[in-house]
Structures are given as C-alpha cells and as structure tokens.
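The numbers here are math on the coordinates, done by the rules we state, and not lab data. Since we're looking at a predicted model, the values are computed, not measured. Heads up, the Cβs are rebuilt from the backbone with ideal geometry, glycines too, and the neighbour counts pull from every protein chain shown.
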2 protein chains.
Amino acid sequence: MNTQFPAERILLGPGPSPVSSRVLRAMAAPTLGHLDPQYLAIMDETCEMLRQVFQTKNPLTFPVSGTGMAGMECAAVNLIEPGDEVIVCVNGVFGGRMKDVMERCGATVHAIEAAWGDIFTFDQIAAALEQHPKTMLVGIVHAETSTGAHQPLEGLDKIVHAHDALLVVDAVTSLGGHELRVDDWGIDAIYSGTQKCLSCPPGLSPVSFSARSLARMDARTTKVQSWYLDISMLRKYYTGGGGGGRVYHHTAPINMTYALREALAIVLEEGLDNRVARHAKMHQRLRAGLEAMGLSYIPKHSLHTLNCIGIPEGANDAGVRKRLLDEYDIEIGAGLGVMAGKAWRIGLMGHGSTVRNVDLVLAALREILR
Amino acid sequence: MNTQFPAERILLGPGPSPVSSRVLRAMAAPTLGHLDPQYLAIMDETCEMLRQVFQTKNPLTFPVSGTGMAGMECAAVNLIEPGDEVIVCVNGVFGGRMKDVMERCGATVHAIEAAWGDIFTFDQIAAALEQHPKTMLVGIVHAETSTGAHQPLEGLDKIVHAHDALLVVDAVTSLGGHELRVDDWGIDAIYSGTQKCLSCPPGLSPVSFSARSLARMDARTTKVQSWYLDISMLRKYYTGGGGGGRVYHHTAPINMTYALREALAIVLEEGLDNRVARHAKMHQRLRAGLEAMGLSYIPKHSLHTLNCIGIPEGANDAGVRKRLLDEYDIEIGAGLGVMAGKAWRIGLMGHGSTVRNVDLVLAALREILR
C-alpha cells in the first residue's frame, strides 16, 4: 500500500511552524519503553530544558501528553473545584476557550473583555478583582493567536497575589519566541504548545506549576475530573514526587519526547535572548515590507511571532491563501472567530522566523496582490 | 548540545511494541499544517484504514490526540452525564481505571468483579443488568493488560442492548492482534492505543462510536466536561459532521498521524486474518517454550498479545528484568497492581510478534533462570 509523502510546505501560519530536519530525525529514533531508565533520563533532561526555557525552577514542569489545548485543560481541571470563582480575560478565541474550559470545571467565570486586537490594562484586572473578591484565579493569554495581540504580564502578579489569587497564563504562541520569565513574573500556572516557537511537531503541551499552585492542588477536597490530566498522579511519573518514586500513569508519547528534547536543545544552543531578538527583528522586517505594500496590522501591540493583518479591500481571502499554498507552498493562516474573512495571520515562529521566509512571503504577496 | 541517541531495545513488554523503520521514517516526513488539504486527506485516509482495522462502518472513527487512556476518557466523558448508572467489569488494573474515570464523570458505577486473571461470564453480566435496571452503559476490557486475560465479547451485545444499555470496550491491547469485529459484535464505543498491536509509537488513541452512541451524545442535556475530548466539536474536524464542513478544533499531532497511517497500511497489507493468526502462532510458540521451562501462565484464558506468567520461586524479579535489559536489550514488563512482584508480562505485539523475538526471549530466560 503506497502512502503519499507530504509536500514540503513553508509553514507561516499560526502553527505548526516549520520543523528542522534535526528534530524530525531525532523523532525517528528507536522507540524506548516509557519506564526504561534511558527514557526516564531523556524525560528528565527534557523537563530540565523546559525549566530553562520557561525560566523557572518549578519542579513540576513537564510536557502534557496532548496538544496545547490539553495543557490549558490540565491547568484548569487541577486548579479549579466546582463553585470556585475565577476571572478570565477575553480578547480573542483563546481567552474565550479558557472561559469555556474553566466553566466545564464547575467554575463561576467572571469574564472581563477587551476588543479583539486590544490588550488589558492592569487597572482593568485590578478593578475586576476588587469587584469579585472571592476570585481564586486570574487567567490571561500572553499571545492571543487569534488576533496577534501581545499582552504585557510583568508586574501583574503583584495585583493578582495581593488578592490571594493564582496567575494562570496561556503562552502557546509565545514560549521560545517572546520574553517570558515564569518565576520573575510570578506566574503560577502556564501552558504552551510544542508546534509554535519551539518548532517541534504538535503533540505535547509544556506546562509548569508554582509551589502556590501545588499547595492549592494539595488542598483540594474533590477529585480532579480528568484522570488523564490529574497531576496528583502525573507528578509521581514526571518528578517522582509525593513519595514512592516514579509510578506508571499512562504511556507517554516516547518519540514526541525525543523531538521536544531536540527542539529544546536547539533553543538553548541559540540562547533565549538571541532567539527573542531574532523574532523581534524578523517581525520588524516583515512589518516594514507589509506596511510598504499598504497592508496594516490589526493589533496595536503586535506579537513578533504572529502577524495579524487586515485583508486589503478587493482581495479574495481564500483565493490568495490558495495561491500561496499551490504556487509557493506557503501556508499562512485565515482569520479566526470574528476575524474570519477580515484578517490573515502570518506566523514567524522558531525555525520559521528567518530572513529567507520573510522575503519569500513578501515577494509572493506582492505578486499575488498586484 | 549533544542529545544521547536511544538504544535499540527489543520491546517485549506490555507496550510500546517495536516500531518498524518504515513507520519511524513516515513519522519524520515534513510537518504539514493541520488544515492543509493534503493533511486532511491523510487524516481521512487514516480514519478509513482505522475503520477497516476496527471492522466497522462507523463514520465517527478517528484517533484521539492523546495516548490510550485519553481514548478511555473520551468515551466516558462523552457518553456519561452526572447521575448516570453504569456497570463496569473489573478484573484488573484497566477495569479499575475505567471505574475511576467514569466516577469522575459523575456516574454511579456498579462494579462487578472477577478474580485477577479470570474473565467474566455473560450470565454474570446479565445478572448485574437485572439487578441494576437503570444501567445505561456496560464497560468491559477485551484485553486486560495487567493480567493477560482475554475476555470473549461476541454475543454480549444481545444482553446489553436488551437492557437498552451501551457496550463500551477497552481494546488497547487487542486491536490489530486479536479478532475484534466492532460492527458484528455490536460494540457501541471502543478505544485502543497505537503503541500495542499496531506497532506505532504512543501518542494517539483510535476510537470508534456507533450510531447508538452518537444518539446518546446528541441527547445530552449537559456539556461534556472535557473541552479537549468533546466529540460534539471533534466530529466537525474529523468527519465534517454536524454541518458547516470541517472546523478547526485543536492542532492534531500531525507527524503522529503520518506514523499511524503507515502502521495501519502495514496491518492491512498483511491482512487482519493473517495478522491474528500470526499472533496466535507466536503465542503458542512462546507458551510451549515457557511451559517447557516450568513456567506457568496466570490467566486461564490468555491473550496472544500479552503473556502473563508467574515469577518462578527463587527468581529475583527486578534482577532478571534488569539482566534482560542490560545484557540482551530486551524489555519485558513487571507485574502491575496486585500482580507486582508476582508476574512478568511478555508482550508479542504487532511488529514484535516474530519467531526471532520468541526464540530470543526464551533463550535469554533459559540462560538467566538456569
């Protein structure tokens, strides 16, 4: 039976991002057992590198065995008990999802809103905390993939912790591409995806939880509603925590772990500061080119990793994207949610954030939009 | 940064099983976007092959983006609403987990038990249904990975459906290695793993749901507690069902899908009947060798895919397994749950179920146990 080999696309959408051959090769190494001492060493090494990339010392830092949304769900189900009050900041699809996921955990969600493309001021969040004093958690999206908005986070912990609440951050499209300092910024729970700025195939969701989050989990009086994502069991496998050494929970995605380990090694070889600077520079290069063509950015405070631009008057949304894919093998993203038909999303993430890709997508757009 | 390359183990434990180089190579193909027409075609092809391997025409047949336990949780969260009464058959770790997972969905679980290593008679299940007439679901494990017991299923649907309940089957360690006919056997929901008899790395959980299951989901009055596993949304991505064509839900594990597609192609090239016959033959060969050494099987009705044997008097459990791993690069499984320290589990699954592996593990055990 012949299976068709996939084309070599240039992935400049909202993710997955291009994966280096080095990571693909690492992923194809022989499969080990999930309790093999060699595999446990690889998992430990992966978690240690994740700590470096998250800039945290949190022992409970590991890749959840699912894609980014599994990480969001992991944070929600472990921190929330039915009846808890939480604040979720909604300015796009992923804030909306966080609200939905937390409601499914039985939370009473106080959603605060900003226009799509806008960001939240700390005053707005502080006011919501004053209004809802029983709030035990504030959820916010660092990099809103649906709008390209870049939410500042530094200092927000002071406000959230003053109300004895936990700071939960969606960093799916920022980890490894934007400055993100989990410990310095007092983040209590954070989740990301492998297929964005880490340039690893999708399939794992790196997460990290602070001691404050762990204390909250330890104080639960109800079982976590998800067995698969229950940290009281997962931590025994990933950290040997809770006594009794490492305990089997589920079969981890072995080869995906190889891929993530290699992708993280590449990130650390480049250095976080260099990598963040590269993403900034490529964003500026793309932005200059797009604006020179008369295209404009939707968010005022744009991500470097994802460029969300308005579709110009008269251009055929699907037609342009199809030509990019068919003639150039370039994938860019359509608008999502209320942005559907109004925006394009050009990702410059990880291995894909290069001069070559910026210049290529600009040249292609110039030709197609001419 | 140098990452260590994994050793080439011979995986004869309870999974993962050995992965062929063809599957590893397929997995390392360039990553496509999850909405790329090429990727959607690959996903469609994968789902169609899954239907053939499950022997079902169920449109809702797809790989859940998580390992086997995510498949179990997917079945539970979508079928069960709080307060539902269910029957779960518990004769090992995985029946016990099904009970736990379903309780976390708010079900009242009537557990019926058999000794570890034993199987259930249909009379026992019928009696439980008589006793609990409000039962909406019967959960049972086809291949109990913790004990090696092989549960017959053919005809059970008549009893379960007569009580207007759904038949939910755990086929993690049987799909692709044992006879398993989803439609003929009237199974309403089934989940498996990729890393057992399909010989694909872990990371996906094939599932299939009957029309009866879908009707139950459509009649829900409460939201599914897991966003990540909510079939009302997932079906729009995997089948375009529910109207409106394919809709983005989460980023599927692209490269894992390549691997699964290739693994399924290999299964279908061999042919299901041939494959089942090969697993039977290799089991008999191993069994003859083990029994000639004086070792004995724990289950009366053993799986062909997993051989659960008692640890012989005087043998050092961990020491023997360590020698197998260190000197022969052979992984076998320890006992799980109440079998810990009492049993070894030798898997002969998929690509690993070969004369070569049977003879090698027998030779190694003969030498070590001498």
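Brief remarks follow.
- Tensor-based shape of region A:52-208 (alpha-carbon gyration tensor, a/c under 1.5 rounded, otherwise prolate or oblate): rounded
- Cleavage-rule hits, GluC sites (Glu not before Pro), region A:251-324, DSSP coil, Cβ neighbours within 10 Å at most 10: A:313
- Distances in nm from residue A:130 to the matching label points in the other copies, shortest first (labels 7 Å along Cα to Cβ): 6.9
- Rg ratio (alpha-carbon, reference 2.2 N^0.38 Å) - region B:1-91: 1.48
- Other protein chain C-beta atoms within 10 Å of residue C-beta, averaged over A:147-160: 0.
- Calculated FRET efficiency for the pair residue B:359/residue B:4, C-beta based, R₀ 22 Å, to 0.05: 0.15
- Note that region B:118-179 carries a Kirkwood radius of 12.2 Å, evaluated over its alpha carbons pair by pair.
- Copies compared at residue B:363 - label distances in nm, ascending, label defined 7 Å from Cα in the Cβ direction: 5.8
- Other-copy label distances relative to residue A:294, 7 angstrom Cα-Cβ extension, nm: 9.0
- Residue-span extension gain [residue A:269 to residue A:22] - 0.36 nm each, minus C-alpha spacing: 87.6 nm
- Candidates per GluC sites (Glu not before Pro) in region A:53-159, loop by DSSP, up to 13 other Cβ within 10 Å: A:154
- Cα gyration tensor, region B:126-268 - rounded (a/c under 1.5), prolate or oblate: oblate
- In chain B, one over the average inverse separation of all distinct C-alpha pairs is 21.1 Å, which is the Kirkwood hydrodynamic radius.
- Placing +1 on each Lys and Arg Cβ and -1 on each Asp and Glu Cβ, with no other charges, gives the protein assembly as shown a dipole about its Cα centre of roughly 960 debye.
- DSSP bridge pairs, chain B: antiparallel proportion in percent, nearest 5: 45 percent
- For the protein assembly as shown, the spread of Cα positions along the three principal axes, ordered from largest to smallest, is 79, 49, 47 Å.
- Note on A:322-335: average number of Cβ atoms from other chains within 10 Å of each residue's Cβ is 1.
- Least to most buried among B:74, B:105 (fewest other Cβ within 10 Å first): B:105, B:74
- Within chain A: Cβ-based charge dipole about Cα centre, in debye rounded to nearest 20 (Lys, Arg +1; Asp, Glu -1): 540 debye
- For the pair residue B:38 and residue B:368 in one chain, pulling the backbone fully straight at 0.36 nm per residue adds 113.7 nm over the alpha carbon distance.
- Here's the picture: charge each Lys and Arg Cβ at +1 and each Asp and Glu Cβ at -1 in the protein assembly as shown, and of B:222, B:68, A:5 the one pushed furthest to the positive end of that dipole is A:5.
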